[in-house]
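Notes follow the structure.
The values are calculated or read from the model by the stated rules, or taken from the named source; none is laboratory data. Since the structure is predicted, the reported quantities are computational estimates derived from the model, not experimental observations. Quick reminder, even Gly has a Cβ in these numbers, built from the backbone with ideal geometry, and neighbours come from all protein chains shown. With ligands, DNA and RNA removed, areas are computed over all heavy atoms of the protein, side chains included. Shrake-Rupley method; radii C 1.70, N 1.55, O 1.52, S 1.80 Å.
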Amino acid sequence: MSAPAIFVSRSRYWLTKEYPIKLRHCVNALPRSAVWARPNQSSNSIGNLIVHLTGNVSEWILSGIGGRSVSRYRAGEFAQTDGADGSKLLDNLEAVLNEADAVLAGLTDKDLERSLIIQDRETTVLSAVYHVVEHFSMHTGQIIFLTKRLS
């Protein structure tokens with residue numbers, strides 16, 4: 001297997017297996033009210049972070065790499081103060097991750113070099129995938145920390 005293929009394979013694993021398992025464990029450990037609880041006015045809730053991850057994967061992978069038309073209101077992801085319960089939020093996220101996985105599964109080594117513009121930034125497919133995995137990791141860590149703080 002080529003290095004680019006290994007990179008895509010590992011990225012798919014983290015996005016469809018490792019991170020969602022951790023997030024589901026966190027949400028299952030909390031009462032519904034805790035999912036939308038903010039530590040303070042300038043911080044995000046677990047609910048905000050899950051909605052934000054859904055938006056990020058949609059914009060960067062489904063739209064940016066996959067070419068689908070995606071409508072996203074990023075500021076609204078952080079402004080939201082209530083919404084679906086944690087299980088439903090994760091169901092929505094996992095549905096987007098499954099769609100993103102199909103996009104990633106179709107990438108060739110050459111595709112990773114393709115230039116893109118996402119959020120008015122010049123990037124490549126490889127850099128976009130790397131960004132999504134890194135971004136997902138950071139917010140997963142925040143959700144784990146918030147879960148430990150709230151439970």
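Once the other residues with Cβ under 14 Å from the Cβ of S71 are scored (Lys, Arg +1; Asp, Glu -1), what is the net sum? Spell out each step's value before the answer.
On the way: positive: R68, R72, R74; negative: E59, E77.
Around S71, the surrounding residues sum to +1.
Past the 17 angstrom mark, what percentage of all C-alpha to C-alpha distances in the stretch 7-130 do you count? Write out the running numbers ahead of the final one.
Values: 4481 of 7626 pairs.
When every Cα pair of the stretch 7-130 is considered, 59 percent fall beyond 17 Å.
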Net charge over other residues, Cβ less than 14 angstrom from the Cβ of R38 (K, R count +1; D, E count -1): -1
With a 1.4 Å probe and every protein chain left in place, work out the accessible area per residue of the stretch 31-81 in Å², rounded to a whole number. 46 Å²
7 Å from Cα along Cα→Cβ at both S137 and D109: what's the point-to-point distance in nm? 2.4 nm
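Per DSSP H run of n ≥ 4, the term is -39500 (n - 2.57); total these for the chain, divide by its residue number, and report the mean residue ellipticity at 222 nm rounded to 500 deg cm²/dmol.
Details: 7 runs with 89 residues, N = 151.
That calculation yields -18500 deg cm²/dmol at 222 nm.
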Amide H proximity to R68 below 5 Å, modelled H, separation 5+ or other chain, gives S63
For a quick check: with amide H placed at 1.01 Å from N, whose amide H comes under 5 Å from T124's, ignoring anything fewer than 5 positions away on the same chain? L116
Which residues in the stretch 100-142 have a backbone N closer than 18 Å to a point placed 7 Å from the Cα of S2 along the Cα-to-Cβ line? 103-116, 124-130
How large a share of the accessible area of the chain, in percent, is made up of carbon and sulfur atoms when the probe is 1.4 Å and the other protein chains stay in place? 52 percent
Given the Cα-Cα distance of A29 and N98 and 0.36 nm per residue of separation, how much length would full extension add, in nm? 22.5 nm
GNM result for the chain, Cα springs below 10 Å: residue of Y13, Y73, Y130 fluctuating most strongly: Y73
Total charge of the residues flanking L97 in space, meaning their Cβ is under 10 Å from its Cβ, with Lys and Arg +1 and Asp and Glu -1, is -1
On a straight-distance basis, which lysines could pair with K17 in a cross-link, Cα separation under 23 angstrom, same-chain partners fewer than 8 positions away excluded? K88, K148
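Would you mind getting the Kirkwood hydrodynamic radius of the stretch 25-82 from its Cα pairs, rounded to one decimal in Å? Display every interim value, and only then the final one.
Numbers: mean 1/r = 0.0805 Å⁻¹.
The Cα-based Kirkwood calculation yields 12.4 Å.
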In terms of the Cα gyration tensor, with a ≥ b ≥ c the square roots of its eigenvalues, is the stretch 85-151 rounded because a/c is under 1.5, prolate because a/b exceeds b/c, or oblate? prolate
Spatial separation of Cα centroids for the stretch 65-109 and the stretch 119-151, in angstrom: 13 Å
